[in-house]
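The values are calculated or read from the model by the stated rules, or taken from the named source; none is laboratory data. All values reported here derive from a predicted model rather than from experimental measurement. Virtual Cβ from ideal backbone geometry, glycine too; neighbours counted across all protein chains shown. For the accessible areas, the whole protein counts, side chains as well, though only heavy atoms, and no ligand, DNA or RNA atoms are used. Shrake-Rupley method; radii C 1.70, N 1.55, O 1.52, S 1.80 Å.
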Amino acid sequence: RTNVDLTVAALEIAARSPALERFVFASTSEVYAGTLANFGLPIPTPETVPLALTDLASPRTSYMLSKLYGEAMCVHAGLPTTIVRPHNVFGPRMGLEHVIPQLLQRADACTDDSLDVYSVDHTRTFCFIDDAVEMIRRLAVEPRAAGQTVNVGTESPEISIGDLTAIILDAVGKDLKVVPRPATQGSPARRAPNMALCRDLTRFASQVSLADGV
């Protein structure tokens, strides 16, 4: 409800602005979750795949629905809108409810000789916040991006959570044994965006490596 109400308010303000050049809406890679669950998903994932809904009882469905509704409102708002779908963006001030800061915090605080890691075989591509911001900034001023829906993220390398953990342990200076635990419920086995459209529109690709970002 918060996502929907704020998007409605922002669109109404934008519609009253005679100087509006572009309205940028931050959606999410979660919009692909229903397609993955019901039909399978190409990896790397292009923006053109048909979207489907996850089960309404799924824990993150309400969040995904709010973003899909926001995308639909933007498409029909009659404004110069660019929709961006961020994929696994990480960096300072992102909070602790994401895999990289969670692992960093747990590894740093660990007083044992081992670390429990969930979904070790799942793979992701990660994009440092500075690169994501640059992509969005360029999309906001690129005339060809008006009316487009664009992935924001990094296409490769696709790295397992187990290998990510090794990078994190190196960053915090800990030599811990990784203890594999079950996959997190609702976590897709793979996630990676097709970045061809974003590269074409921005003439830019991620510059910060995962290790440097961590």
Query - Restricting the stretch 71-88 to residues that are assigned to a loop (DSSP other than H, G, I, E, B) and under 17 Å from R138 (Cβ atoms), the residue that is farthest from the chain's Cα centre (by Cα) - result: P80
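Being touching a strand residue (DSSP E or B) at 6+ places or on another chain (Cβ under 6 Å) and of a type outside the set (A, V, I, L, M, F, W, C) is the filter here; which residues of the stretch 71-91 pass it?
Step one: list which residues in the stretch 71-91 are touching a strand residue (DSSP E or B) at 6+ places or on another chain (Cβ under 6 Å), which gives 71, 74, 79, 81-89, 91.
Of everything in the stretch 71-91, those that are touching a strand residue (DSSP E or B) at 6+ places or on another chain (Cβ under 6 Å) and of a type outside the set (A, V, I, L, M, F, W, C) turn out to be E71, T81, T82, R85, P86, H87, N88, G91.
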Query raised in the report: What are the residue pairs meeting all of these: first residue in the stretch 157-169, first residue over 16 Å from Q102 (Cα atoms) and in contact (Cβ under 8 Å) with a residue 24 or more places away in the chain, second residue open to solvent by less than 40 Å² (accessible area, probe 1.4 Å) and among the charged types (D, E, K, R), Cβ atoms under 8 Å, and 6 or more apart or on different chains?
Result: E158/R124; I159/R124
Query raised in the report: Across the stretch 39-86, which residue is farthest from V8 (Cα to Cα) among those that are of a type in the set (K, R) and buried (at least 17 other Cβ atoms within 10 Å of the Cβ)?
Result: R85
Query raised in the report: Of all residues in the stretch 123-145, which are surrounded by fewer than 18 Cβ atoms within 10 Å (Cβ to Cβ), part of a helix (DSSP H, G or I) and in contact with a helix residue (DSSP H, G or I) (Cβ under 7 Å, 6 or more places away or on another chain)?
Result: R138, R144
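Just to check your reading of the model, which residue among A211, A183, A196 is over 30 Å from D113 (Cβ atoms) and open to solvent by 30 Å² or more (accessible area, probe 1.4 Å)?
Working: A211 fails: over 30 Å from D113 (Cβ atoms); A183 fails: over 30 Å from D113 (Cβ atoms).
One residue alone meets the criteria, A196.
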Query raised in the report: Which one is farthest from P188 (Cα to Cα) among residues in the stretch 107-122 that are in contact with a helix residue (DSSP H, G or I) (Cβ under 9 Å, 6 or more places away or on another chain) and outside any loop (DSSP other than H, G, I, E, B)?
Result: D108
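Quick check on my filter: what residues within the stretch 16-52 are over 18 Å from T149 (Cα atoms) and either part of a strand (DSSP E or B) or in contact with a helix residue (DSSP H, G or I) (Cβ under 7 Å, 6 or more places away or on another chain) (or both)? Write out each step before concluding.
Just the residues of the stretch 16-52 that are over 18 Å from T149 (Cα atoms), to begin with: 16-20, 36-40.
Selection gives L20 alone.
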